[in-house]
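Nothing in this text is a laboratory measurement; each read-out follows from the coordinates by a stated rule. All figures in this text were calculated on a predicted structure; none of them were measured in a lab. A quick note on method: Cβ atoms are made from the backbone with ideal geometry, for glycine too, and the neighbour counts reach across all protein chains shown.
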């Protein structure tokens, strides 16, 4: 995950937050899984910005051949520690989109997945690098699915879904990750528009970009009820899929 400051400084707090986060359990990870074929056994999947490997482990336990990369060495060490404790065959790499190509031994991939990562790109050039490097790593006919922040989200300044989204004076945005004790950690990100993702997807060779709905699972609604009020009407996230041409 790429952040505008040293992400390693917040990685422990963020990893603890993720482990108990309803948005991960009932929105983000289910969205990612929904983009995949029903049967993933033997399919090669690249997890972009894998963090401490929570999604990668979900996919590997379903039978996928998974490689995850992240630019936080602290997060990668945590992922490797978990892989050593319970080996399930995941390859983890400390890398950035600018240098990931050539490092993954399981490439090329059938599918690339990215959950709340691309909006942390340092600038437009860095965002383009996510698209171009992923294009090089995915097989012809494969696809790339990404969940990003929704540029049309409106409820800044409110604490919602264990987060608080804020507008910064310099034009960037900030998200505070919160729990019952208060704010655990914060991260800055760019307010990339849908047209930015569409532009860089097309520029780097991807085709057939489709924006996919983001919903709370029925299990999440049943378990947490009013916690999700307004989520689908003013969703913090947007998701898309793009294809790599066969030729």
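Restricting the calculation to Cα atoms, every distinct pair contributes to the Kirkwood radius of segment 64-106, found to be 10.7 Å. Stokes-Einstein diffusion for segment 184-237, with the hydrodynamic radius set to the Kirkwood value over Cα pairs and evaluated at 25 °C in a medium of 0.890 mPa s, equals 172 µm²/s. Taking the centroid of alpha carbons for each part, segment 48-62 and segment 21-46 are 9 Å apart.
Taking the radius of gyration and the Kirkwood hydrodynamic radius from Cα positions alone, what is the Rg/Rh ratio for the chain, to two decimal places? All intermediate terms of the calculation are to be shown ahead of the outcome.
Numbers: Rg = 17.0 Å, Rh = 18.2 Å.
When Rh is taken as the Kirkwood radius, the ratio is 0.93.
Want the number for residue 154 to residue 222: 0.36 nm per residue separation, take away the alpha-carbon distance, what's left?
Working: separation 68, 0.36 × 68 = 24.48 nm, distance 2.55 nm.
Gain on extension, residue 154 to residue 222, equals 21.9 nm.
Counting 0.36 nm for each residue step from residue 212 to residue 246 and taking away their Cα separation leaves a gain of 10.0 nm.
Taken along the Cα-to-beta-carbon direction at a fixed 7 Å, the label points for residue 191 and residue 86 span 4.0 nm.
What do you get for Rg/Rh over segment 115-247 if you use C-alpha atoms and the Kirkwood form of Rh? Mind showing how you got there, number by number?
Values: Rg = 16.3 Å, Rh = 16.2 Å.
Rounded to two decimals, Rg/Rh equals 1.01.
Hey, could you get me the Stokes-Einstein D for segment 69-190, Kirkwood radius over alpha-carbon pairs, 10 °C and 1.306 mPa s, rounded to whole µm² s⁻¹?
Values: Rh = 16.5 Å.
This corresponds to a translational diffusion coefficient of 96 µm²/s.
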